[in-house]
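The structure's right below; bear with me while I get my questions together.
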Amino acid sequence: MASSNGPWLQVVIYALALLETEAFYAGITYLHSAVAKGAVCLDGSPPAYHFDKGIGAGANNWLLDFEGGGWCNNVTSCLARKTTRLGSSAQMVKQIAFSGILSNNKEFNPDFYSWNRVKGSARSLPASCTSRLRPDLCFFPQYIAPSIKTPLFILNAAYDSWQIKNILAPGEADPHGMWHNCKLDISQCSISQLKIMQEYRLRFLSALSVLGNSTSRGLFIDSCYAHGQSEMQETWLSDYSPMLGSTTIAKAVGDWYYDRSPFQKIDCAYPCNPTCRARFFPPNPPDI
């Protein structure tokens, strides 16, 4: 037991140290007035969000973080979610660490640290999408992105770890656990599994191509096995951040937003990028 828990103890200690030095804890706000309008979570609890007020030059600017969390598509899966933070504000933490693009520390988030920052969820979908497609499809980027007229920056890993684990090779489609080790550590994938993942990457890039190359669109697509890179200080801006060329995610987004320079780059295929640090995903990761 000692040998198997040792590495994870180090990861937990590192993560706690990272949160303590680089994250700010934002409190929760409940929208009780929304209940009378029927705008509630799956268990009937009021909607909620975490908020940190902006300061100085950023006091009138807003950063809205609409966290995904996947979906439920039948009674069984929706009932399962109603007892978690994905379906109940009663299960949401009262304070949450704001790091990465949500950080209020100028050293770790130089371009957006002073903005008003809100982390929550939304249900608004543009009519330009819902008028031509089933509304539920408009939750997915490949369908809604062409309808977005405002400047848009797309940040994603070509080998998104959540998508690999839950869409490409979910447990239900892998009853014998052939993908188990691969999903925990991409370096453990077999040749045939890597071939499938490379094909998945190409389909993802093909979906991106319909957006064109307008400079109003920013693009940072790395070849890391990662997910949620903007909210993790480790990947957003640190000594261990993935880079395209010599540019970190934080610099690419900041340069694009403030018109310092356009940024549209797609990484070469795995395993070409040495700045993609190995990330491991245990079956039951520690609750930090």
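Which one is surrounded by the most Cβ atoms within 10 Å (Cβ to Cβ) among residues in the stretch 47-88 that are more than 18 Å from Leu31 (Cα to Cα) and within 17 Å of the chain's Cα centre (by Cα)?
Ranking the qualifying residues of the stretch 47-88, first place goes to Leu63.
Where residues in the stretch 186-221 are among the basic types (Lys, Arg) and either in a helix (DSSP H, G or I) or outside the structural domain of Asn156 (by TED's automatic domain parsing) (or both), which of them is nearest to Phe140 (Cα to Cα)?
Selected residue: Arg203.
How about the stretch 245-258: which of its residues are of a type outside the set (Asp, Glu) and not in a loop (DSSP other than H, G, I, E, B)?
Within the stretch 245-258, Thr247, Thr248, Ile249, Ala250, Lys251, Ala252, Val253, Gly254, Trp256, Tyr257 meet the criteria.
Moving on to the next point. Given (1) in contact with a Ser or Thr (Cβ under 7 Å, 6 or more places away or on another chain); (2) buried (at least 20 other Cβ atoms within 10 Å of the Cβ); (3) not acidic (Asp, Glu), identify the lone condition not met by Gln91.
It fails just one condition, (2).
Kindly indicate whether Ala145 is surrounded by 13 or more Cβ atoms within 10 Å (Cβ to Cβ), aliphatic (A, V, I, L, M) and outside the structural domain of Asp52 (by TED's automatic domain parsing). Full working, then the answer.
Working: surrounded by 13 or more Cβ atoms within 10 Å (Cβ to Cβ): yes; aliphatic (A, V, I, L, M): yes; outside the structural domain of Asp52 (by TED's automatic domain parsing): yes.
Criteria met by Ala145.
Taking the options Ala252, Ala269, name whichever one is aliphatic (A, V, I, L, M), assigned by TED's automatic domain parsing to the domain that holds Leu155 and within 17 Å of Ser187 (Cα to Cα).
Just one listed residue meets the conditions, Ala269.
Quick one: which residue in Leu155, Leu208 is touching a Ser or Thr at 6+ places or on another chain (Cβ under 7 Å) and closer than 28 Å to Arg134 by Cβ?
So the residue among Leu155, Leu208 that is touching a Ser or Thr at 6+ places or on another chain (Cβ under 7 Å) and closer than 28 Å to Arg134 by Cβ is Leu155.
Could you please tell me which pairs satisfy a Cβ distance under 8 Å, a separation of 6+ or placement on different chains, a first residue in the stretch 187-206 that is farther than 14 Å from Leu168 by Cα, and a second residue that is surrounded by fewer than 12 Cβ atoms within 10 Å (Cβ to Cβ)?
Note: pairs meeting the criteria are Ser187/Ala278.
Yes or no: the stretch 151-161 includes at least one residue that is in the same structural domain as Asn273 (by TED's automatic domain parsing), acidic (Asp, Glu) and either surrounded by 16 or more Cβ atoms within 10 Å (Cβ to Cβ) or within 24 Å of Asn73 (Cα to Cα) (or both).
yes
So which of Ala207, Ala226, Ala252 ends up being of a type in the set (A, V, I, L, M), surrounded by fewer than 17 Cβ atoms within 10 Å (Cβ to Cβ) and out of contact with any Pro (no Cβ under 7 Å at 6 or more places or on another chain)?
After ruling out the rest, the residue left standing is Ala207.
Hey, another quick one. Yes or no: the stretch 259-273 includes at least one residue that is polar (S, T, N, Q), over 15 Å from Ile101 (Cβ atoms), modelled with pLDDT of 95 or more and in a strand (DSSP E or B).
First pass over the stretch 259-273, keeping only residues polar (S, T, N, Q): 261, 264, 273.
Next cut, over 15 Å from Ile101 (Cβ atoms) only: 261, 264, 273.
Going one step further and asking which of them are modelled with pLDDT of 95 or more, we end up with 261, 264, 273.
Next, from what is left, pick out any that are in a strand (DSSP E or B): 264.
Within the stretch 259-273, one or more residues are polar (S, T, N, Q), over 15 Å from Ile101 (Cβ atoms), modelled with pLDDT of 95 or more and in a strand (DSSP E or B).
The values are calculated or read from the model by the stated rules, or taken from the named source; none is laboratory data. Keep in mind that this is a model prediction, so the values were computed, not measured. So basically every Cβ, Gly included, is an ideal-geometry build from the backbone, and we count neighbours across all protein chains shown.
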